[in-house]
Amino acid sequence: MNKLAKIELSGGCSETPILKERGQREVFCGLTSIIWLHRKMQDAFFLVVGSRTCAHLLQSAAGVMIFAEPRFGTAILEEKDLAGMADAHEELDREVAKLLSRRTDIKQLFLVGSCPSEVIKLDLSRAAERLTKIYAPKVRVLNYSGSGIETTFTQGEDACLASMVPVLGQTNDEQLLLVGALPDVVEDQLTSILKKFGIQRIKTLPATEKDKIPLIGKNTRFALVQPFLGETAEALEGVGLNRISAPFPFGEQGTTEWLRAIAIEFNVGESLFNEVISAPRARAQKAIKAAAKKLSGKTVFFFPDSQLEIPLARFLVNECGMKAIEVGAPYVHKSIIGPDLTLLPHGPTISEGQDVDLQLERCREAKPDITVCGLGLANPLEGEGLTTKWAIELVFTPVHGYEQAGDLASLFSRPIRRREVLQL
Ligand code: SF4
């Protein structure tokens, strides 16, 4: 059996000096992650302990969900001095009791912290412990922060998953753990390929239900599916799990290299590997080729937002023929994003953090063909004649894996096409 060869992980942008900026930033807070997490974890409820602003953010971000019985809500804490904190705990307990008696389908309850000072003063981990004792084993209560002071919008998922790690049960079984919330259809596609490699035990975090939450142990190796899960990765490594380092599965190249890194860990032979991936890989190449016609030769500028920026720039440059001018990310964890940096050809400015006015100046001067940024910046930039793509859409849309590679390229080509039509 020929062994699979590891890819060379040096060069590209891995040695590029990072422009670090610490100024005003324009991003959503971690509460936003609840929108996709509650869809994935079907017996979980996210109770935001927060203000009316938090309730408004959730309602508007969730859109149509308010017509269904939602699996998230806001316990609004009115202004309290320190002497009132005991009451605040009692108030929270009452809210939880009301919720759990009405909603017997809830098996996991997340208390999600937010920005107001009254909430920061409230010890939610103590509240979660106390409530777990009351409602165990039927309901498990955990807590994390989605506060805009501490988290950007994708970090909410990271904080949520990291909060689950300490309570995961133990197993010695050899298994692969995929970490990060993917739409079910994408998760099924990726696990189906991995099973064809002969990897039998594949678990996911988060799981769809409490009863399917994975057990972990020293024979569990894990692979991240999202680049923004640094705290979760650290927590899993902290309890002795080995992380499989790889580029992220965006586009044909990213998916192939992500699969290759896992296959090497599980001793999959070269011929089986190539046989399994050849058809979906060819489909991805064909779909990208069609969608990339509009992108080839065009320039792209990324503002820091989702933490997907570096893998996406790698995809757009290597597979769609684009030229990246600046790739900004809220954080650049080289231990996690390093493989993607090595595959991104030398050239763009790599920036970390934000000083929004300075970055806007650089963007205006560069006049990119497409600018990837948050909602707050997109409208003014469109008004100035730039073509934009909302970064948040890239998190809400299925974009991982071979079968979504063409759609991923289309997400960028569509705004360019729209601008051309408007200019005709
Ligand atoms: Fe709530 Fe803070 Fe997010 Fe505003 S930024 S919605 S106050 S958590």
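The values are calculated or read from the model by the stated rules, or taken from the named source; none is laboratory data. Because the structure is a prediction, the values reported are computed rather than measured. Cβ: placed from backbone, ideal geometry, glycine included. Neighbour counts: every protein chain shown. The accessibility values were calculated without ligands, DNA or RNA, using every heavy atom of the protein model including side chains. Shrake-Rupley method; radii C 1.70, N 1.55, O 1.52, S 1.80 Å.
Screening GLY385, GLY376, GLY353 for residues that are of a type in the set (Gly, Ala, Ser), under 26 Å from the mean Cα position of the chain (by Cα) and open to solvent by 20 Å² or more (accessible area, probe 1.4 Å) leaves exactly one candidate, GLY376.
The strands (runs of 3 or more DSSP E) found wholly in region 78-185 and carrying at least 3 residues that are within 27 Å of ASN219 (Cβ to Cβ) occupy 175-179.
In the list LEU161, LEU142, LEU109, LEU131, which residue meets the criterion of being touching a Cys at 6+ places or on another chain (Cβ under 9 Å), away from the ligand (no atom under 16 Å from the Cβ) and within 24 Å of PRO214 (Cα to Cα)? Matching residue, one of LEU161, LEU142, LEU109, LEU131: LEU142.
So which residues in region 326-347 are open to solvent by 60 Å² or more (accessible area, probe 1.4 Å) and among the charged types (D, E, K, R), if there are any at all? Scanning region 326-347 gives a single hit, LYS334. Residues in region 61-76 that are within 16 Å of the ligand (Cβ to nearest atom), surrounded by fewer than 22 Cβ atoms within 10 Å (Cβ to Cβ) and either over 22 Å from the mean Cα position of the chain (by Cα) or at pLDDT 80 or above (or both): PHE72, GLY73, ALA75, ILE76. Every condition in (1) modelled with pLDDT of 95 or more; (2) closer than 30 Å to PHE153 by Cα is met by TYR331 except one, and the failing one is (1).
For region 14-35, give me the residue count where each residue is at pLDDT 90 or above and more than 16 Å from the ligand (Cβ to nearest atom). The qualifying residues number 8.
Does GLU403 fit the bill of being of a type in the set (D, E, K, R), within 24 Å of GLY180 (Cβ to Cβ), in contact with a Leu (Cβ under 8 Å, 6 or more places away or on another chain) and open to solvent by 20 Å² or more (accessible area, probe 1.4 Å)? Against the criterion (of a type in the set (D, E, K, R), within 24 Å of GLY180 (Cβ to Cβ), in contact with a Leu (Cβ under 8 Å, 6 or more places away or on another chain) and open to solvent by 20 Å² or more (accessible area, probe 1.4 Å)), GLU403 does not qualify. Figure legend. Inter-residue proximity from region 170-196: first residues closer than 25 Å to ILE336 by Cβ, second residues of a type in the set (Val, Ile, Thr) and part of a helix (DSSP H, G or I), beta-carbon distance below 7 Å, spacing 6+ or different chains. Indicated pairs: LEU176/ILE262; VAL179/THR232; ILE193/VAL276; ILE193/ILE277; LEU194/ILE262. Residues that are among the charged types (D, E, K, R) and in a helix (DSSP H, G or I) were ranked within region 281-306; the one that is least open to solvent (accessible area, probe 1.4 Å) is ARG281.
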